[in-house]
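Participant: Structure provided below as structure tokens; questions to follow.
Please treat every number below as a calculation from the coordinates, not as lab data. Owing to the predicted nature of the structure, the values given are computational and were not obtained by experimental measurement. We place every Cβ from the backbone using ideal geometry, glycine too, and count neighbours over all the protein chains shown.
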Amino acid sequence: MLIGEIIRVALGALRANKLRSLLTMLGIVIGVAAVIAVVALGTGAQSAVKDRISSLGTTLLTVMPGQQRGMGVSFDQSMKLTMDDAAALEDRATNLSAVQPEMTSRLQVQYLNQNTNTSVVGTTSNYLEVRKYELQAGRMFSRAEDEGRQRVAVLGPTVLETLGINSPDAIVGEPVRIRGIQFTVIGVLKSKGQSTPFGNPDDQVLVPITTGRFRLFGSDRLRSISVLAQSEEKIPDAMADVQRVLRREHRLVQGRPDDFMIRSQADFLNTLGETTQVFTYLLSGIAAVSLLVGGIGIMNIMLVSVTERTREIGIRKALGATKANILLQFLIEAVVLCLLGGLIGALVGSGGATAMSTFFQWNTIISPSAIAAAFVFSAVVGVVFGVWPARRAAGLDPIVALRYE
């Protein structure tokens, strides 16, 4: 029996049982679609985090209270950063081009009869320069307004939406209340894009840090201090500079660990990239289980098919079909089922990833390597789970098979 005839017979057997073939493929379809969609979602999340962090600038360093212990981060009430630390860095650090302290809290913001609970950030006038933000309306507050404790605010675009404000220019000059205290809106930030594990960068209100310290937060504790190194090459020097100044400011004797952390953008990228990758692998592994279940389903159906077609196998053998011919025929049937299931699953998975991006605004990136891997895995499943039924069919005695009822 020629190879072309073997393939034709195998495909004819599948066409003769269309519904059963379709249901058999269903497990493979679901498995492949799930793997592709999950990998697309994970890859998109990694890309969004990378773009978000990279948009802050490669020379940005972030100083936070606390110290690193092992794989985790511990924070203690005695470990803190204050405005004095920020002033010391500005005065004594020689390898920094900018210092931007920051304190924050979630507070109620009210405009007319609308209100929202959002992140209120007390910061300095160089926030836009350090964090790479731009304005779409109005202006940023000045250093004089900060030192004068002026009640002015700059709103993020998400805050405008939640307060029912359609035009950025319409809110500039208007009063809003933050924790019941009236502030004048002087500017609106341009959108930074999608949310990240750090929160939504567009859902915040900026106020002068001195105003926030005395009128809103009632504390001198900073959430972080962002600093800019003079260049990428000077990042190690800048980190050493920050460590030297803050250890002296905190009166840490030699041998005592730092009570603060200095993180670069590379650190954030590596940490978040590893975390996202682990979750992607975990979810992909769970999705791959359905591929195995689909493979078991194919093996089960092929075994049933062998039993049903025992007389047919006996006739083929009586007409000259060899053991290899029968083995190849049933193996082709199993592989074709898996490859068709893989093709349909790839289309469904890609469509699902595109739908998630369109309707839920999730960042998804369809990976050609994931699609190729799904196809290869589908073929392997077809071969592995098709061998036993194929061997069983090939091993039937033709005389016994012809007598089978």
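Participant: Once you keep just the Cα pairs under 8 angstrom separated by 6 or more residues, what percentage relative contact order results for segment 80-258?
Facilitator: 33 percent
Participant: Still on this structure, please answer the following. For the ranges 138-146, 154-162, 211-219, what's the packing order if you count other beta-carbon atoms within 10 Å of each residue, average per peptide, and put the highest first?
Facilitator: Going from most to least packed, we get 154-162, 211-219, 138-146.
Participant: Calculate, in nm to one decimal, what I315 and L292 gain on full extension: separation in residues at 0.36 nm each, minus their alpha carbon distance.
Facilitator: Separation in residues times 0.36 nm, less the Cα-Cα distance, equals 4.9 nm.
Participant: Have a look at L331, L319, L89 and tell me which one the Gaussian network model of the chain (Cα, springs below 10 Å) gives the largest fluctuation.
Facilitator: Between L331, L319, L89, it is L319 that shows the largest mean-square fluctuation.
Participant: For T184 and V387 in one chain, what is 0.36 nm times their gap in residues minus the Cα-Cα distance, to one decimal in nm?
Facilitator: So the extension gain works out to 65.6 nm.
Participant: For the chain, compute the orientation-averaged projected area of the C-alpha convex hull (one quarter of its surface), in nm².
Facilitator: That works out to 28.3 nm², a quarter of the Cα hull's surface.
Participant: Once amide H atoms are placed 1.01 Å from N in the peptide plane, what residues at a sequence separation of 5 or more from E174, or on another chain, have their amide H within under 5 Å of its amide H?
Facilitator: V185
Participant: How far, in degrees from 0 to 90, does helix 265-308 lean away from the longest principal axis of the Cα atoms of the chain, to the nearest 10?
Facilitator: 20 degrees
Participant: Let me have the 222 nm mean residue ellipticity of the chain computed from DSSP H runs of 4+ only, each contributing -39500 (n - 2.57), with the sum over all residues rounded to the nearest 500.
Facilitator: Computed mean residue ellipticity for the chain: -18000 deg cm²/dmol.
Participant: Let me ask something else about it. Evaluate E = 1/(1 + (r/R0)^6) for E134 and S369, where r is the Cβ-Cβ distance and R0 equals 35 Å; express this FRET efficiency to the nearest 0.05.
Facilitator: After rounding, the FRET efficiency stands at 0.45.
Participant: Let me ask another. Under 14 Å from the Cα of K317, which aspartates and glutamates turn up, not counting those fewer than eight places away in the same chain?
Facilitator: Leaving aside aspartates and glutamates fewer than 8 places away in the same chain, those within reach of K317 are D397.
Participant: From Cα pairs below 8 angstrom and at least 6 apart in sequence, can you work out the relative contact order of the chain, rounded to a whole percent?
Facilitator: 30 percent
Participant: Work out, in µm²/s and without decimals, the Stokes-Einstein translational diffusion coefficient of segment 80-258 at 10 °C, 1.306 mPa s, Rh from Kirkwood over C-alpha pairs.
Facilitator: Using the Kirkwood radius from Cα pairs, D works out to 92 µm²/s.
Participant: Still on this structure, I have one more. Out of the DSSP beta bridges found with both residues in segment 80-258, what percent are antiparallel (nearest 5)?
Facilitator: Given both bridge residues lie in segment 80-258, the antiparallel proportion sits at roughly 75 percent.
Participant: Just to be sure I understand: of the beta bridges DSSP finds with both ends in the chain, what percent are antiparallel, rounded to 5?
Facilitator: Approximately 80 percent, going by the DSSP bridge assignments.
Participant: In the chain, if the dipole is taken from +1 on Lys/Arg beta carbons and -1 on Asp/Glu beta carbons about the Cα centre, which of V32, T364, M140 is farthest to the positive end?
Facilitator: Checked the options; the winner is V32.
Participant: Then there is this: Segment 332-405 to segment 138-170: how many Å between their Cα centroids?
Facilitator: What the calculation gives is 56 Å, centre to centre.
Participant: Starting from the Cα of F360, step 7 Å along the direction of its Cβ; do the same at V380; then give the gap between the two resulting points in nm.
Facilitator: 2.8 nm
Participant: How far is it, in nm, from the label point at L282 to the one at S142 when both lie 7 Å from their Cα along the line to the Cβ?
Facilitator: Distance between label points: 5.2 nm.
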